[in-house]
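Derivation of every value follows stated rules applied to the coordinates shown; laboratory data play no part. All of these numbers come straight from a predicted model, not from anything done at the bench. All Cβ positions, even for glycine, are placed from backbone atoms using ideal geometry, and neighbour counts span all protein chains on display.
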Amino acid sequence: MTTSIRPRWRRWRRGRPFAAGLLLGLGGLELICVSWAGLGFLRFTGTAGAASWALGALFVVAGVTTWHNPALRYFSGVLAAVMSLVSLVAANLGGLLLGFLLTAVGSALALAWIPRQAPSTPQEEA
């Protein structure tokens, strides 16, 4: 009763907006990392640092939501698109633009994803 994990992984990945969730999660982590580590002489504290942490956490949650509940992809995609625009102003230019680009593309992919439908048989059409 041992089954390979690769076919199950492939089936799970293809049944949901995987790339969208991955980009949303990576963009959120990038926002958090930029505010946490700083860039040596630059310190991102204050409201920009707090906004980076809050928005980053929300992006990670949006990414996980698209993976575990693909039916909510429209909600999380629209929410992530709005938050990515907010991150430009509130969170250090959206994590020095890299976080903004990751989350904007991830939200667009979440909104554009359509689940695969099983091929119809001639008996179903009649």
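Worth a mention:
- Legend: calculated FRET efficiency, Thr3 to Leu72, from the Cβ-Cβ distance at R0 = 30 Å, rounded to 0.05, equals 0.55.
- Radius 13 Å from Cβ of Gly63, net charge of other residues (Lys, Arg +1; Asp, Glu -1): +1
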